[in-house]
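The values are calculated or read from the model by the stated rules, or taken from the named source; none is laboratory data. Predicted model only: the values in this text are computed from it and were never measured. Heads up, the Cβs are rebuilt from the backbone with ideal geometry, glycines too, and the neighbour counts pull from every protein chain shown.
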Amino acid sequence: MFYKHLQKLSIIGLLCYTSTSLIAGEVHEFTLDNGLKLIVKEDHRAPVVVSQVWYKIGSSYEQEGKTGLSHILEHMMFKGTKKHPPGEFSRIMAVNGASENAFTGYDYTAYFQTLEKSRLPISFELEADRMRHLVLTEKEFAKEKQVVAEERRMRTEDKPISFMYEHFRATAFQTSPYQNPIVGWMSDIENYTLADLQVWYQRWYAPNNSVVVVIGDVEPQAVLALAKQHFGPLEPSKITPPHLRPEVEQFGTKRITVKLPAKLPYFVMGYKVPTLTTIAKENRWEVYALEVLAYILDGGESARLSKNLVRGQQIATSIGVSYRLFSRLEVLFTVSGIPGNKHTVSKLEKAIQEQIKQVQTTLVDEVELERVKTQLRASKVYELDSHFYQGMQIGQLETIGLDWQLKDSYLDNIKTITAEQVLAVARKYLIDKNLTVAVLEPQSLEKNPSTKQQSVTGEAH
């Protein structure tokens, strides 16, 4: 996600927070006999509980020709079991005053509810039922394929920036499954079968491939007893993760131009960088230094790109940096934006490269470095206001193969990052050899060509 401007806050009050206070509220970890992992974090500020069921399966696990299976299975999980017919799950949740939803990512699929604490047994009963007893029918599957195809059209193909981003990722990654969209390619959505979905469900939706995270006003042993009652009887599966196909080495900058009907041009550049999962433990400081670097470039109004290129030179009307250190595979450190009036994409790219060159040649001063660390600390403090985001931190780490306790050392690791380390990662990773650049070149809005008529051109050099 793009780094958003932080809300106004009291710095004096914020500085009183330490990593110790950030982990207030005990966390308890259990493993059932069938392999299901249960993680419970106590937060007694309100009589509310968030229940999340995470499956270690997402779009990066999918094979060629089957992209989008994880996402459409997320849709089908609401289509009923023998015990609860289609629509019953959401109806029961609504009757009990719960909010509920689900999402699919590159590395995981998650289902969650926010409930009054006494309603937790309802969540566990329904989630356990659909974990192993989902009823998949041709009729519902055919309808949902149409729904997902329309979702893809509305959210990607009819949105020039989203469509350009899809081509950008497919160009940047040559062998990594991160090259594929989470929703899937349209040809795959249209062609996979109910049998494909059934195999996918039976293979991955099992207690020994899931993590249940509960955050809220609960007593851990009582939650464990509930988990044993509802999830305990479920049979595990034989889980054989697919062979990892890491990204091949890149040997030069890749560039594409995407021509689509649009009002404004758009620019994105991305460098291949490591994550906490892909880097050796002794080098993990590099990942945290990249996180600090992202905030130096785009951490609010006072960050360099906004200060210099948006409000200063007005070369860009908007600009953002994205980096996901909690990922299963190598990711992209991206910088993207819209050029300002009377400025071209090439001028914006040159200005961004000048900002990158500065962090590669000149040490960040201590005042700026401390400001960035304070902002990172602030973002973590605000996340504690949400039961959901507390669970997200735990669930993400567990499903990508890391220990959830790494979240507790995040701020300590950020705190130790030096200006020299920021300069070192900028020099090591933000180089042409790792770079892919994509440009959205607006076409006339008067004639809206079909997807097949839309143009993508590119070269690697």
- request: Only residues that are assigned to a strand (DSSP E or B) and not small (G, A, S): list them for the stretch 93-129, please.
  value: E100, N101, F103, T104, T109, Y111, F112, Q113, T114, L115, E116
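Can you tell me which residue is surrounded by the fewest Cβ atoms within 10 Å (Cβ to Cβ) among those in the stretch 405-440 that are assigned to a helix (DSSP H, G or I) and of a type in the set (V, I, T)?
First, pick out the residues of the stretch 405-440 that are assigned to a helix (DSSP H, G or I): 405-416, 419-429, 432-434.
Adding the requirement that they be of a type in the set (V, I, T) leaves 414, 416, 422, 425.
On the way: I414: 19, T416: 12, V422: 23, V425: 24.
The selected residue is T416.
Select from the stretch 405-423 the residues that are among the hydrophobic types (A, V, I, L, M, F, W, C) and either assigned by TED's automatic domain parsing to the domain that holds A110 or modelled with pLDDT of 95 or more (or both) and list them in ascending order. Outline the logic, then answer.
So the first thing to find is which residues in the stretch 405-423 are among the hydrophobic types (A, V, I, L, M, F, W, C), and the list is 406, 411, 414, 417, 419, 422-423.
I414, I417, A419, V422, L423 - these are the residues of the stretch 405-423 that are among the hydrophobic types (A, V, I, L, M, F, W, C) and either assigned by TED's automatic domain parsing to the domain that holds A110 or modelled with pLDDT of 95 or more (or both).
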- prompt: Going by the structure shown, is S60 over 22 Å from D217 (Cβ atoms), assigned by TED's automatic domain parsing to the domain that holds N208 and not in a loop (DSSP other than H, G, I, E, B)?
  reply: yes
- prompt: Out of (1) touching a helix residue (DSSP H, G or I) at 6+ places or on another chain (Cβ under 6 Å); (2) closer than 26 Å to M392 by Cβ; (3) in the same structural domain as L120 (by TED's automatic domain parsing); (4) in contact (Cβ under 8 Å) with a residue 40 or more places away in the chain, the odd one out for P207 is which?
  reply: (1)
field: Conditions (1) among the aliphatic types (A, V, I, L, M); (2) within 23 Å of F267 (Cα to Cα); (3) surrounded by fewer than 20 Cβ atoms within 10 Å (Cβ to Cβ): number failed by M186
entry: (2)
statement: Within the stretch 166-179, residues among the hydroxyl-bearing types (S, T, Y) and in a helix (DSSP H, G or I) come out as T171, Y178
message: Looking at E235, E249 in this structure, which one is without any contact (Cβ under 8 Å) to a residue 60 or more places away in the chain and loosely packed, with under 11 Cβ neighbours inside 10 Å?
response: E249
Output for the stretch 404-428, where each listed residue is touching an Asp or Glu at 6+ places or on another chain (Cβ under 8 Å) and aromatic (F, W, Y): W404
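Which residue, of E219, E235, E247, is among the acidic types (D, E), more than 20 Å from V335 (Cα to Cα), at pLDDT 95 or above and not assigned by TED's automatic domain parsing to the domain that holds V199? Write out each step before concluding.
Values: E219 fails: not assigned by TED's automatic domain parsing to the domain that holds V199; E247 fails: at pLDDT 95 or above.
Step by step, each of E219, E235, E247 is checked, and only E235 is among the acidic types (D, E), more than 20 Å from V335 (Cα to Cα), at pLDDT 95 or above and not assigned by TED's automatic domain parsing to the domain that holds V199.
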task: Just give me the residues in the stretch 33-81 being at positive phi and surrounded by fewer than 18 Cβ atoms within 10 Å (Cβ to Cβ), in sequence order.
output: G35, G65
message: Of everything in the stretch 97-113, what is among the polar types (S, T, N, Q) and either touching a Ser or Thr at 6+ places or on another chain (Cβ under 9 Å) or in contact (Cβ under 8 Å) with a residue 60 or more places away in the chain (or both)? Give them in sequence order.
response: S99, T104, T109, Q113
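Yes/no per residue for (1) in contact (Cβ under 8 Å) with a residue 24 or more places away in the chain; (2) within 16 Å of the chain's Cα centre (by Cα); (3) under 16 Å from K428 (Cβ atoms); (4) outside the structural domain of Y178 (by TED's automatic domain parsing):
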| site | (1), (2), (3), (4) |
| --- | --- |
| P265 | yes, no, no, yes |
| M269 | yes, no, no, yes |
| L276 | yes, yes, no, yes |
| L293 | yes, no, yes, yes |
| L305 | yes, no, no, yes |
| G312 | no, no, no, yes |
| A316 | yes, no, no, yes |
| F326 | yes, yes, no, yes |
| L329 | yes, yes, no, yes |
message: Tell me whether the stretch 342-355 contains one or more residues that are among the acidic types (D, E), part of a helix (DSSP H, G or I) and surrounded by fewer than 22 Cβ atoms within 10 Å (Cβ to Cβ).
response: yes
query: List, please: which pairs have Cβ atoms under 7 Å, are six or more places apart or on different chains, and start with a residue in the stretch 180-199 that is in contact (Cβ under 8 Å) with a residue 12 or more places away in the chain and in a helix (DSSP H, G or I) and end with one that is aromatic (F, W, Y) and surrounded by 13 or more Cβ atoms within 10 Å (Cβ to Cβ)?
result: L194/F141; L197/F141
query: In the list V364, V372, V381, which residue meets the criterion of being aliphatic (A, V, I, L, M) and touching a Gly at 6+ places or on another chain (Cβ under 8 Å)?
result: V372
